[in-house]
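> Please read through the structure below; I'll follow up with questions.
The values are calculated or read from the model by the stated rules, or taken from the named source; none is laboratory data. All values derive from a computational prediction rather than experimental measurement. Methodologically, a virtual Cβ is constructed for each residue, glycine included, from the backbone with ideal geometry; neighbour enumeration extends over all protein chains shown. Please note that ligands, DNA and RNA were not included when accessible areas were found on the heavy atoms of the full protein model with its side chains. Shrake-Rupley method; radii C 1.70, N 1.55, O 1.52, S 1.80 Å.
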Amino acid sequence: MQAAHYLMFRRYSSALRFFVLFAIILLALIQLQLTPLVNGVIVVPWTEAMVRISAGIMALFDSHVATSGNNLRNTTNGFSVAVESGCNGLEAAMVLIAAMLVFPSPWKHRVIGVLVGLFAVEALNIVRIISLFYLGQWNMDIFHVAHLYLWQMLIMLDALVVWLVWIRVLPPQTTAAPLVVTQSATMA
Amino acid sequence: MTTNGPSLWKFLLRAFLWLPVCFAAWYFSAQLYAVVIGFPTAWLLNQLQPGILSGMAQRGLDLVFVTSIKVRLTPESYALKTLQVNFLIYTYGLALFLALMLAAHAKWWKILIGAIVLLPFQIWGLAFNFLSHLVTMLGPNELAKLGFLGWHIDAISLGKRVGDLFFPSLIPLLLWVGFNLAFIGRLSGSRTHSSPTLTTIDAHAVAVPDIVASPAPPNKSSDYARPSTPAVYTVTPVQIVSVLPAKPIAGNTAAPPFGWTYPS
């Protein structure tokens, strides 16, 4: 029974450490993102790049799309959307980065995971921008539901999926685990 | 590749199938949440700023907070300022949480606890939304009269950002992770233990263990499928002095009986 409690303690103390470190890193990233320097150097250019990439993809099948800064506009009917901070996928990316940094794994795999994760989150974010652009021209009620609730969920769910897949493909642990099985292990 | 780890893909498929069902259920019952989070939010705001609210009403999917801030219309009459907030943007995480937990075959009491734990975060979002609107609506003089300092306004801005962009969708995920540590532990260990490579150590080179259990209890804390090959180990927490080259125990392919671990 004592060992069972020990196992339980190890599991939950590891998990607690994960959650605490995750919260600290995420809060630090949020604060960093809000600083004028990071906002000007990373967030705004990133958001505008998202808009340009989305417009570039839409230009393949729609010739009535124009961009201006963080605005995406239909040149025929005048409908436009502004991609603001919060709609650029950086929040989900920050969550993913924090989760990958905190989860025990080799640094090489953390870096690869962060890069692949960023790509996955931003790729889905581009789908979000494009879908919302057309949903808004079709039906504003559905646009609001998709914008305010549905896509918010899906983007964060995307981050979770990437994180779980990343954990799945991590190499076997090479660090010393706190529990080992001695040669006296017996099979039931 | 892995043969005995938990099925991530089946879980994800179930989650994506449950999501539209849960989203629809949440959306069409959304009006009910106005009471659940509206009253606690109003109570909290009145605790933070006594007398700031004089009433609350529901208008469709919006909550209308009636403040006690007066606007004089004529010398004889005045009106009370109101703030309208869409409370659904703080509650959609419930649908996400339900979908994930149902996909994980979670027990009902875990779902209930999770739904209750979500409430304070939803109230946080709604309260900071109100405060943020209040800061925008009032001028510096009025804010100073209410006791708002400069750092209060910065804190409100950060609180709203976190409450709007992170809590609604992040907390459900964290709750799901918290309820499924064993699954994630097995997920991370599934490749490690996909081949029979349980490490053996030199019994002479270890410190005397202070805790010994035989046999180790099966993992009961998971809602997930158990390892296909039941096994009982003698588990001994020890301090490793030296480790011999890994030597597999034939036929032992069970997942580790613990979650993830940090290097000591």
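> Here is a list: A:Gly56, A:Gly40. Which entry is open to solvent by 10 Å² or more (accessible area, probe 1.4 Å), without any contact (Cβ under 8 Å) to a residue 12 or more places away in the chain and within 21 Å of A:Ala120 (Cα to Cα)?
Residue meeting the stated conditions: A:Gly56.
> In addition: Can you spot a residue in segment B:124-146 that is at pLDDT 90 or above, touching a Phe, Trp or Tyr at 6+ places or on another chain (Cβ under 8 Å) and assigned to a loop (DSSP other than H, G, I, E, B)?
no
> Do you know which of the residues in segment B:157-186 that are polar (S, T, N, Q) and either under 22 Å from B:Val135 (Cα atoms) or in a loop (DSSP other than H, G, I, E, B) (or both) is most open to solvent (accessible area, probe 1.4 Å)?
If we take residues in segment B:157-186 being polar (S, T, N, Q) and either under 22 Å from B:Val135 (Cα atoms) or in a loop (DSSP other than H, G, I, E, B) (or both), then B:Ser157 is most open to solvent (accessible area, probe 1.4 Å).
> If you don't mind, another one. When you scan segment A:107-124, do you find a residue that is over 15 Å from the mean Cα position of the chain (by Cα), on the phi < 0 side of the Ramachandran plot and of a type in the set (D, E, K, R), even just one?
Yes; the residues of segment A:107-124 include at least one that is over 15 Å from the mean Cα position of the chain (by Cα), on the phi < 0 side of the Ramachandran plot and of a type in the set (D, E, K, R).
> Is there a residue in segment A:92-103 that is touching a helix residue (DSSP H, G or I) at 6+ places or on another chain (Cβ under 7 Å), surrounded by 15 or more Cβ atoms within 10 Å (Cβ to Cβ), in contact (Cβ under 8 Å) with a residue 60 or more places away in the chain and farther than 28 Å from A:Val38 by Cβ? Reasoning before the result, please.
We begin by selecting, within segment A:92-103, every residue touching a helix residue (DSSP H, G or I) at 6+ places or on another chain (Cβ under 7 Å); these are A:92-103.
Those left that are additionally surrounded by 15 or more Cβ atoms within 10 Å (Cβ to Cβ): A:92-103.
Keeping just the survivors that are in contact (Cβ under 8 Å) with a residue 60 or more places away in the chain gives A:92-103.
Subsequent filtering for residues that are farther than 28 Å from A:Val38 by Cβ retains none.
There is no residue in segment A:92-103 that is touching a helix residue (DSSP H, G or I) at 6+ places or on another chain (Cβ under 7 Å), surrounded by 15 or more Cβ atoms within 10 Å (Cβ to Cβ), in contact (Cβ under 8 Å) with a residue 60 or more places away in the chain and farther than 28 Å from A:Val38 by Cβ.
> Out of the helices (runs of 4 or more DSSP H) lying entirely within segment B:1-119, which hold 2 or more residues that are away from chain A (no Cβ under 14 Å) and within 30 Å of B:Val177 (Cα to Cα)?
By residue number, B:33-48.
> Just name the residue that is farthest from A:Leu118 (Cα to Cα) out of those in segment A:57-100 that are in contact with a Lys or Arg (Cβ under 6 Å, 6 or more places away or on another chain) and of a type in the set (A, V, I, L, M, F, W, C).
Checked segment A:57-100; the qualifying residue farthest from A:Leu118 (Cα to Cα) is A:Ala66.
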